[in-house]
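Written below as structure tokens is the structure these notes are about.
What follows draws every value from the coordinates through simple rules; no lab data is involved. On a predicted model such as this, the values are computed, not experimentally measured, just so you know. Cβ sites come from the backbone with ideal geometry, for glycine too, and all protein chains shown count toward neighbours.
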Amino acid sequence: MVRQMVKSNWLRGLALLVFALLAMSACSQNENVIRIGVFNSLTGGTATFGISSTNGIKMAVEEWNARGGILGKQIQLIVEDDQSKPEEAAMVVTKLINQNRVAAILGEVASSRTLAAAPIAQRAGIPLITPASTNPKVTKVGSYIFRVCYTDSFQGAVCARFAVERLGLKRLAILTDVKNDYSIGLADYFKRDAQLLGAQIVSEESYSEGDTDFRAQITSIKGTNPDVIFVPGYYTEAGLIAKQVAEQNMNVRLIGGDGWDSPRTVEIGGTAVEGAFFCNHYSAEDTSRMVRTFVANHVKKYGYVPDAMAPLSYDAAELLFTAIQKAGSIDGSKIRDAISQTRDFPGVCGNITIDAERNARKAAIMLQIDQGKLKVYDVIQP
Amino acid sequence: MKLHGVTRTLLLSLLYIAVLAVLGQTLIPFIGPYYTQVLIFIGINITLAVSLNLILGFAGQFSIGHAGFMALGGYTSAAISFYFLGPLLAQLGTGGMIGAVGEPAALAVALLSGGIAASVAGLLVGIPTLRLRGDYLAIATLGMGEIIRVVILNTDFVGGARGFTDIPRWTTFTWVFLVAGLCVLVVRNLIASTMGRALIAVREDEDAAAAMGINTTRYKVFAFVLGAFFAGVAGGLQAHYLQYLHTNSFTFLRSIEIVVFVILGGGGSITGSVIAASVLTILPEALRCAESWRMVIYSALLVVMMLTRPQGLMGGREFQWSWLIPTWRKK
């Protein structure tokens, strides 16, 4: 009796396995299209970024397909979810390359997932463009790995140049999030470039992501009498820091990085973030024709104003499709060569030139918070 | 002829190794990188599930820090390969003997050091925490896993928050299943020994076991250390396969995933763990066609499986070949 029961369950397990294997082979393939793979975090910790990025890519594909596709073939997008996990990213990229036989890959917002996937694409000779991974190591993986955003080092340098050259301020303080690699990277390059430009770093303080009280650090910074406090963290802490700086009646300018790009900055900071600056990839309020068209189309299709991930990913897709068109082939090495020859490509987030390290050389935008809205204050060329 | 004990195990092990070697040469090039990768993750997950089963299923200690040991083993072995073994191999060159045995030998050394590092951590953590029982132990191991992860996150020479890149790619199908087979063999033989009986006694009733003269803490710590060792080796295999490590891979969600393998397969059943780890690795891949419904279907299947078989697939039993034979005779 017992033996019978156990056996039937063992068979049930086996049936499940067979079903699974059958389902695996069921995905069909069409040869008359150009297949492009996308891997993004559609579920998990950073799902909002992944979904936004995928939406941007889908917009580009629809526009190209409406115009007749690439090389006379329609683009077929194969989107895979990596659940915000690095090992899952490696799994789906292997699948995209070997099962779906994609010509090229777009993906991952987070550097950790791009880094897990990049060696696989490099080994297979399939070009991979990441829309928003800013870690400098990403494109060092190899000759097939590109990015269309700027790196942490460039962003830090831009903020330093803005403070010293554009605003003419020389006494700088830095308040870094020590738990966050992005924040440390930005702070390091800000410091280096500011000192090269002859400014003085009067104070360096730190906090950890999740802190809510920054008064001790701010009091200590106040004692050194700075003109600028550079806060290269994320929006929640940035808003709180701005509030607590305002409490102390200091006459300083606040400057931040693209981690401030969220409506939450103004929600949390309120009037305290008025007049603060931060560096970003694009502004939805930008009046240039490309941005206006993109934002209008995005609102029409998805019903909301996009964050920076959507236009960056849109640019990555546009750049890739243009390169395939120019290469005249879906051969990996030809597409790679075409991508690396990209010069002054007009993107929503500024003109992109791919440099010898396969990074994008492009302008950064400095936004100022003005009556709760974001205003383009300056465009800084590389 | 009936073979017994050591001879039988030895022969079976040799047969297993031979089959693996043949499969590695024939099957792997045939099925391509994607299915190979699925197989490799199955092997890694089997190692993790069986080693946790020793702690959770046989010794009855509810540990949810397995991903922490995995992380420690992975990072230790990766650091040793990256800073020491990799450059050493490059210096020795690829000619002759070294070309043939260099990589496997280096991987063996790296995996062993990863396993040892994880088991040392298991010992240090196990001695104080295994005095706790049930929920308290679960929370203590959860905390331990997070501590390991956060320490690694702040250690710069293994990449810190940026992740550890450029780890040599030495893991192969054959290696993964050698380790999985070794793990199964060790746990199976341990359970059949006096020590295993003592572990099961501890699980069934700790006070009664202590009254019978079993040093309960010693046995619990032993199971914990051995389980941690294999988790560390599994971490090393993953590191040398993906060539990249990031602490996000080793959050407590990963630990929970391994607990699910054990519970679903049936605590105290090695074959149960093997089947559950295999099915639950294949299932999310097979369900990719369902796109955004994938994880919903996957989770729903977990719920259904638990409702229909709350004791797990195998319910504490092991698969026996004899189950298959009487079926034909009866009909």
Dipole in debye (nearest 20) - chain B, about Cα centre, beta carbon charges: Lys, Arg +1; Asp, Glu -1: 900 debye
Most fluctuating residue given options A:Arg113, A:Arg171, A:Arg336, as computed from a GNM of chain A linking Cα atoms under 10 Å: A:Arg171
Distance from segment B:110-161 to segment A:347-379 (C-alpha centre basis), Å: 43 Å
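Need one number: convex hull volume per residue for the protein assembly as shown, Cα atoms only, in Å³. Provide the component values of the computation, followed by the final result.
Values: hull volume 136.1 nm³, N = 713.
Each residue corresponds to 191 Å³ of Cα convex hull volume.
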26 Å Cα-Cα threshold exceeded, pairs from A:Lys85/A:Lys373; A:Lys85/A:Lys300; A:Lys137/A:Lys191; A:Lys300/A:Lys375; A:Lys243/A:Lys375; A:Lys170/A:Lys222: A:Lys85/A:Lys373; A:Lys85/A:Lys300
Segment A:153-280 shape via C-alpha gyration tensor axes, a/c threshold 1.5: rounded
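Could you put A:Ser153, B:Ser299, B:Ser13 in order, starting from the residue whose Cβ has the fewest other Cβ atoms within 10 Å? Mind showing how you got there, number by number?
Details: A:Ser153 18, B:Ser299 10, B:Ser13 14.
The most exposed by this proxy come first: B:Ser299, B:Ser13, A:Ser153.
Under unit Cβ charges (Lys, Arg +1; Asp, Glu -1), what dipole magnitude, rounded to 20 debye, does segment A:153-280 have relative to its Cα centre? Can you show the working numbers first?
Details: 12 positive and 17 negative charges, 95 e Å.
Dipole about the Cα centre, nearest 20: 460 debye.
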Acute angle (nearest 10 degrees) that the helix A:309-327 long axis makes with the longest principal axis of chain A, alpha-carbon atoms: 60 degrees
Value at 222 nm in deg cm²/dmol, rounded to 500, when DSSP H runs of n ≥ 4 in the protein assembly as shown each add -39,500 (n - 2.57): -19000 deg cm²/dmol
Residue with peak Gaussian network fluctuation, chain B [Cα springs, cutoff 10 Å], from B:Phe229, B:Phe177, B:Phe30: B:Phe30
Fewest-first ranking of A:His281, B:His4, using other Cβ atoms within 10 Å as the exposure measure: B:His4, A:His281
Label-point separation in nm, B:Thr26 to B:Ala90, each point 7 Å along Cα→Cβ: 3.9 nm
The protein assembly as shown - share of DSSP beta bridges that are antiparallel (%, nearest 5): 35 percent
Cα gyration tensor shape for segment B:213-311, rounded if a/c is under 1.5, else prolate or oblate: oblate
Label-point separation, B:Ala211 to A:Arg289 (7 Å along Cα→Cβ), nm: 8.9 nm
Folded to 0 to 90 degrees: helix A:289-302 orientation relative to chain A principal axis, Cα: 60 degrees
Sorted by Cβ density within 10 Å, fewest first, the residues A:Ile105, B:Ile263: B:Ile263, A:Ile105
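With Cβ to Cβ distances under 11 Å as the rule, what net charge do the other residues near A:Lys95 carry (K, R +1; D, E -1)?
Values: positive: A:Arg101, B:Arg288; negative: A:Glu80, A:Asp82, A:Glu88, B:Glu285.
Neighbour charge sum, excluding A:Lys95 itself: -2.
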Total charge dipole magnitude, segment A:293-344, about the Cα centre, Cβ charges on Lys, Arg, Asp, Glu only, Debye to nearest 20: 120 debye
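From the square roots a ≥ b ≥ c of the eigenvalues of the alpha-carbon gyration tensor of segment A:189-233, which class results: rounded (a/c under 1.5), prolate (a/b over b/c), or oblate? All intermediate terms of the calculation are to be shown ahead of the outcome.
Working: a/c = 3.28, a/b = 1.55, b/c = 2.11.
Because a/c hits 1.5 or more and a/b fails to exceed b/c, segment A:189-233 counts as oblate.
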